[in-house]
Amino acid sequence: MLASDQLKGIFCLITAGAILAFTDGLSKHLTGLFPPGEILFFRSIFVFIPIAIMIWRKGGLHTVRFVNRKAQLARGLFAVVTSFMFMVAIKHMPLADITAVMFASPIFLTALAPYFLGEQVGWRRWTAVAIGFCGTLLMIRPGGDVLLWPSLLALGATVLLCFRDIATRQLSRTDDANSIMVCTTACVMLGGFSSIFYGWRMPDLYELGLFMLTGTLQGTGQYFLVAAFLFGEAVVVAPFRYFSLIWATLYGYLLFSDIPSVNTLIGATIVIGSGLFIFYREARRRR
């Protein structure tokens, strides 16, 4: 693969991290104005804008085919539950904290891989999983001076995110990115709409503009994420996913005056190190 393609992949992943961290900041702001379900519903409506553009560029609606419908539905359901848990947690947690906790996803995915993907995990990666989990505990600080339940919600969302990724791996053999985005976004939109009787109110034009901005950027960020791994090799590109913590820290400070604690930074460093080692071992095993 050409070096220029690798650079494009790295650029796309860093850009995706910047966009998605900013949408997390917007979502955190919206949680002070609306219930989680309403945010997910209106945001999902506008996520369909970049999806529609990508479908049009590929040739139209007839190119969207759902082959593995069970895996599509499973991914959508995991996305719904994860989104609700994340939306509640982010209201009570700094952006950098929740981003750092979500970085534990590759660690949990490695722990689940032997049981759901039939993949072998050696003692080195199991050691990295254990060390990464210790880093996660350091961040959520059970028994510490922070609210524990939002951290546990974020941790639960991270575990469910692994099941969503397992469904994505199965779908990657049969379905394309557009069909996955359409189905998952529709599931999240319907899941959000199901909470219509829990304190919804009609947004004004300014708030509707915030929903539009959040949803459009969310969909755009997801496509940059997909493009990153289309341009570059995963072994080169994936480590740059951790740039998201820098963006989350920056936005958290600028938008909410949040500063990560020492425990969060140390725990995040442990989790990132464990994740990078797991990725290195996985890439070496495949070679």
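Just so you know, all these numbers are worked out from the coordinates, no wet-lab data involved. It should be emphasised that the depicted structure is a prediction, and the values quoted were computed from it without experimental measurement. Backbone-built Cβ (ideal geometry, glycine too); neighbour counts: all protein chains shown.
Taking a cut-off of 33 Å, what percent of all Cα-Cα pairs in segment 3-286 are separated by more than that?
Of the Cα pairs, 19 percent sit more than 33 Å apart.
Of all the Cα-Cα pairs you can form in segment 1-55, what percent are over 13 Å apart?
71
So, with +1 on the Cβ of K and R and -1 on the Cβ of D and E, and no other charges, what is the size of the charge dipole of the chain about its Cα centre, to the nearest 20 debye?
For the chain, the charge dipole is close to 940 debye.
Using mean Cβ contacts within 10 Å as the protection proxy, how do 195-206, 107-118, 148-159 order, highest first?
Descending packing order for the listed peptides: 148-159, 107-118, 195-206.
Along segment 253-265, what does the Karplus equation 6.51 cos²θ - 1.76 cosθ + 1.60 (θ = phi - 60°) give for ³J(HN,Hα), rounded to whole Hz, x for Gly and Pro?
So the Karplus estimates, Gly and Pro as x, are 6, 5, 8, 10, 6, 8, 10, x, 6, 4, 4, 5, 5 Hz.
Lys/Arg Cβ at +1, Asp/Glu Cβ at -1, dipole of the chain taken about the Cα centre: which of 98, 108, 153 is farthest positive-ward?
About the Cα centre, the residue reaching furthest to the positive side is 108.
Could you compute the net charge surrounding residue 41? Neighbours are other residues with a C-beta less than 15 Å from the C-beta of residue 41; K and R count +1, D and E count -1.
0
When the helices in the chain are scored as -39500 (n - 2.57) per DSSP H run of 4 or longer and the sum is shared across all residues, what 222 nm value do you end up with, to the nearest 500 deg cm²/dmol?
Calculated from helices alone, the mean residue ellipticity at 222 nm is -26500 deg cm²/dmol.
Compute, for segment 117-195, the length of the dipole vector about the Cα centre, with Cβ point charges of +1 (Lys, Arg) and -1 (Asp, Glu) only. Units Debye, rounded to 20. Write down the numbers at each step before the final one.
Working: 6 positive and 5 negative charges, 44 e Å.
In total the dipole reaches around 220 debye.
Treat each spin label as a single point 7 Å out from the Cα along the C-beta direction, and report the residue 65 to residue 190 distance in nm.
2.2
Count the net charge of all other residues whose Cβ sits under 15 Å from the Cβ of residue 13, scoring Lys and Arg as +1 and Asp and Glu as -1.
0
What FRET efficiency, computed as 1/(1 + (r/R0)^6) with R0 = 22 Å and r the Cβ-Cβ distance, is obtained for residue 81 and residue 141, rounded to the nearest 0.05?
Rounded to the nearest 0.05, the efficiency is 0.35.
Which whole-Hz couplings ³J(HN,Hα) result when phi for each residue of segment 217-233 is put into the Karplus expression 6.51 cos²θ - 1.76 cosθ + 1.60, θ = phi - 60°, listed in order with x for Gly and Pro?
Computed from phi, the couplings for segment 217-233 are 5, 4, x, 5, x, 5, 6, 4, 4, 5, 4, 4, 8, 7, 6, x, 6 Hz.
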